[in-house]
Amino acid sequence: MYKLLQTPICLYTIPKTYLSTNSHLLNSLPSYYQLLGINSNATEKEIRNAFKQKSLQCHPDKFPDDINKETEFKAISEAYTVLSDSLAKVEYD
């Protein structure tokens, strides 16, 4: 499993010129809720069910030659990791 929460991106290390010219990239990223297709007030069961459903649609074992599916799977896995942990979810919200 990826340790994404233990190595967060620090916006202070990114050059200000990059952020000022590419701030639209940060705003255009979908939220974890959007990735899983759920509301922000979803229960733990709804979060788990959404992850299971989405992971079946893009699991790398089902699509070994599709790098887009692998990237999508990593994104929903990260979303599930954050949203299924109550402390991480509160921090994310």
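The values are calculated or read from the model by the stated rules, or taken from the named source; none is laboratory data. Keep in mind the model is a prediction, meaning the values are calculated, not measured. Here Cβ is always computed from backbone atoms with ideal geometry, including for glycine, and neighbour counts include all displayed protein chains. Remember, those area values only see protein heavy atoms, side chains included, never the ligands or the DNA or RNA. Shrake-Rupley method; radii C 1.70, N 1.55, O 1.52, S 1.80 Å.
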Notebook entry, point to check: Counting residues that are modelled with pLDDT under 90, which helices (runs of 4 or more DSSP H) fully inside the chain reach at least 3?
Noted result: 16-28, 32-36, 67-84, 86-92
Next item on the list: Being among the β-branched types (Val, Ile, Thr) and over 15 Å from Ala42 (Cβ atoms) is the filter here, so list the residues in region 66-80 that pass it.
Entry: Ile67, Thr71
Item checked: Scan of region 57-71 for residues that are within 16 Å of the chain's Cα centre (by Cα) and open to solvent by 80 Å² or more (accessible area, probe 1.4 Å), ordered by number -> Gln57, Asn68, Thr71
Margin query: Here is a list: Lys74, Lys52. Which entry is within 25 Å of Ser86 (Cβ to Cβ), open to solvent by 70 Å² or more (accessible area, probe 1.4 Å) and without any contact (Cβ under 8 Å) to a residue 12 or more places away in the chain?
Written below: Lys52
